[in-house]
Amino acid sequence: MNIAVEIRDVAPQALSSVANAGPAPKRIVVGYGFWIFLLSDIVMFAALFAAYAVLVNATAGGPAGSQLFDQRNVAIETACLLLSSYTCGLMSLAASSRRRGAFYLAAVLTFVLGAAFLALEIREFADMVVRGATPQSSAFLSAFFTLVGCHGLHVTVGLLWLVVMMAQVAAKGFRASVGRRLLCFSLFWHALDIIWVALFSVVYLMGVSP
Amino acid sequence: MTEATTEAPEGGSSGLAVYTIGLALAVLLTATSFWVANTSLLWGPGIALGLAVLAIAQMGVHLVFFLHITTAPDNTNNVLALAFGLLVVFLVVAGALWIMGDLSSMMPMHHHH
């Protein structure tokens with residue numbers, strides 16, 4: 001009942017803003033559409049989390065998480081991603097007030113921190129493979145590499161996207177279409193950090209705590 | 001969701017304050033999570049639950065301070081979509097654990113742990 005009332009309240013505003021057809025309503029529609037995509041992505045991660053939780057003890061005689069995970073490495077990865085989320089926020093602020101220098105600085109910081117995260121994750125995966133803990137060795141490791149690797153792939157895509165956005169700002173300036181893409185990028189980047197919070201809590205910290 | 005990043009006049013010091021408060025809360029919750037996982041002061045079986053609560057709290061902080069999900073009227077659509085997404089996430093995770101837990105408890109062959 002409440003929900004129905006709320007929708008009825010919102011609808012006329014939305015209609016009137018669509019009728020005005022300025023850049024602001026389009027920005028809201030684009031943000032909403034991208035938010036729906038992000039939620040569907042989160043649902044996909046939920047399925048991977050569920051598979052991991054079901055298979056976490058199926059180590060097939062191989063190593064368990066507590067023998068493989070290095071908490072110091074995870075803490076540094078977490079710090080990189082959290083700080084890059086913050087610098088991404090600063091990048092949005094710089095873009096909305098059209099400060100080019102601050103925008104590039106925040107974008108480069110975001111990129112460097114994201115790349116550092118990715119490098120640490122690749123090094124962790126390589127270390128595990130060298131020690132014989134490959135995705136093929138147990139259902140637990142298959143689930144681990146799928147879940148954490150999928151997040152790593154998202155971060156990789158995010159880094160490529162960030163480079164494209166820096167190039168677009170350089171070539172086109174802060175026009176409305178670039179602003180909408182920057183909005184989507186920042187939503188994407190913050191959502192990746194949210195997924196990482198679930199990852200380090202469920203996979204790494206629950207995996208190593210006795 | 002789009003509020004703080006959309007309006008140019010709002011982008012000044014108040015926007016910076018929102019992100020900075022969010023960062024401080026997130027750092028605090030992350031540090032607490034790492035402490036909880038490593039301390040011997042807490043009751044062992046409760047640690048997983050504690051970590052889950054801290055993680056959910058931190059996700060809430062990120063949603064409010066970084067993604068700007070609020071309860072403002074112009075945010076209703078975003079919040080409704082989020083609520084539906086969370087319902088699906090809950091069904092997938094809880095359903096999988098419930099069914100697979102039942103299944104493995106009915107199979108005498110499998111006794112991991």
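The values are calculated or read from the model by the stated rules, or taken from the named source; none is laboratory data. All values derive from a computational prediction rather than experimental measurement. Note: ideal-geometry Cβ built from the backbone for every residue, glycine included; neighbour counts use all protein chains shown. With ligands, DNA and RNA removed, areas are computed over all heavy atoms of the protein, side chains included. Shrake-Rupley method; radii C 1.70, N 1.55, O 1.52, S 1.80 Å.
Below, the figures for the structure above:
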quantity: Residue among A:ARG175, A:ARG131 that alone is open to solvent by 40 Å² or more (accessible area, probe 1.4 Å), over 22 Å from A:MET44 (Cβ atoms) and within 14 Å of chain B (Cβ to nearest Cβ); calculated: A:ARG175
quantity: Qualifying positions in the range B:81-97 - open to solvent by 60 Å² or more (accessible area, probe 1.4 Å) and at the interface with another protein chain (Cβ under 7 Å from one of its Cβ atoms); calculated: B:LEU97
quantity: Evaluation of A:LEU83 against (1) modelled with pLDDT of 90 or more; (2) surrounded by fewer than 18 Cβ atoms within 10 Å (Cβ to Cβ); (3) under 30 Å from A:LEU120 (Cβ atoms); (4) among the aliphatic types (A, V, I, L, M) (one fails), failing number; calculated: (2)
quantity: Selection count, the range B:29-70, where residues are surrounded by fewer than 18 Cβ atoms within 10 Å (Cβ to Cβ), of a type in the set (A, V, I, L, M) and assigned to a loop (DSSP other than H, G, I, E, B); calculated: 2
quantity: Options A:LEU187, A:LEU160; residue that is among the hydrophobic types (A, V, I, L, M, F, W, C) and crowded, with 18+ Cβ neighbours inside 10 Å; calculated: A:LEU187
quantity: The range A:48-78 - residue that is within 8 Å of another protein chain (Cβ to nearest Cβ), among the aliphatic types (A, V, I, L, M) and assigned to a helix (DSSP H, G or I) and, of those, surrounded by the fewest Cβ atoms within 10 Å (Cβ to Cβ); calculated: A:ALA75
quantity: Close pairs (8 angstrom Cβ cut-off, 6 or more residues apart or separate chains): in contact (Cβ under 8 Å) with a residue 24 or more places away in the chain in the range A:47-73, β-branched (Val, Ile, Thr) and open to solvent by less than 30 Å² (accessible area, probe 1.4 Å) anywhere; calculated: A:TYR52/A:VAL203; A:GLY65/A:VAL203; A:PHE69/A:VAL203
quantity: Search result, residues across the range A:94-113 that are of a type in the set (Val, Ile, Thr) and within 14 Å of chain B (Cβ to nearest Cβ); calculated: A:THR110
quantity: Single unsatisfied condition, A:ALA14 versus (1) among the hydrophobic types (A, V, I, L, M, F, W, C); (2) loosely packed, with under 15 Cβ neighbours inside 10 Å; (3) at pLDDT below 90; calculated: (2)
quantity: The range A:135-150, residues that are out of contact with any Leu (no Cβ under 9 Å at 6 or more places or on another chain) and open to solvent by 40 Å² or more (accessible area, probe 1.4 Å); calculated: A:GLN136, A:SER137
quantity: Test: A:CYS88 is closer than 24 Å to A:PHE49 by Cα, assigned to a helix (DSSP H, G or I), in contact (Cβ under 8 Å) with a residue 40 or more places away in the chain and not hydroxyl-bearing (Ser, Thr, Tyr); calculated: no
